[in-house]
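First comes the structure, then the notes that go with it.
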Amino acid sequence: MNEATIKPMRDRIMVSSGSPYEPIIGFSRAVRIGNIVAVGGTTAGSGGGMVGVGDPAAQTRAILEIIAKALKDAGAGLEDVIRTRTYLVDIAHWEAVGRVHGEFFGDIRPAGSMLEVSGFINPDWLVEIEADAVVRFAGG
């Protein structure tokens, strides 16, 4: 996986996964403005080779590890996440994916959505997750 880079733009911090598509399409792995961090749609193929082909739980674990790193690079952590959105190509995978989500967020319990979609750019991707976080200021 490529190391994330942080590029300040006024009060905007953009965290890159190193994907060559970021400048072409115009997206970042995560963006922080003030104390708000948004992590864009993340798959098990984001930032490197594909992980967990055919295994939605393994893909979810890899995705949440990528999200945790993006949050850290933006000065946040999983404990700051207030919302996740999970997209599945097969809703029958909801429980396996949900259990891994619970391993990462069991005590944090962000608001969440889980939706079935018709497909992703790469047919090996079974899961995509987005996360929003609010960084608590010291003493706040």
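The values are calculated or read from the model by the stated rules, or taken from the named source; none is laboratory data. None of the values given here were measured: they were computed from a predicted structure. Cβ coordinates were reconstructed from backbone atoms using ideal geometry, including for glycine residues, and neighbour counts include every protein chain displayed.
For this structure, a couple of remarks:
- Scan of the stretch 1-32 for residues that are among the charged types (D, E, K, R), part of a loop (DSSP other than H, G, I, E, B), modelled with pLDDT of 85 or more and more than 17 Å from the chain's Cα centre (by Cα), ordered by number: Asp11
- Selection of the stretch 85-134 for residues being outside any helix (DSSP H, G or I) and over 16 Å from the mean Cα position of the chain (by Cα) yields Val89, Asp90, Gly106, Asp107, Glu116, Val117, Ser118, Gly119, Ile121, Asn122, Pro123, Asp124.
- In the stretch 64-77, the residue that is surrounded by the most Cβ atoms within 10 Å (Cβ to Cβ) out of those that are outside any loop (DSSP other than H, G, I, E, B) and touching a residue at least 40 places away in the same chain (Cβ under 8 Å) is Ala70.
- Of residues in the stretch 41-51 being touching a residue at least 40 places away in the same chain (Cβ under 8 Å) and closer than 22 Å to Ala96 by Cα, the one surrounded by the fewest Cβ atoms within 10 Å (Cβ to Cβ): Met50
- Scan of the stretch 17-37 for residues that are buried (at least 17 other Cβ atoms within 10 Å of the Cβ) and of a type in the set (A, V, I, L, M), ordered by number: Ala30, Val31, Val37
- Residue match in the stretch 52-63 (condition: more than 17 Å from Ile13 (Cβ to Cβ), touching a residue at least 24 places away in the same chain (Cβ under 8 Å) and surrounded by fewer than 16 Cβ atoms within 10 Å (Cβ to Cβ)): yes
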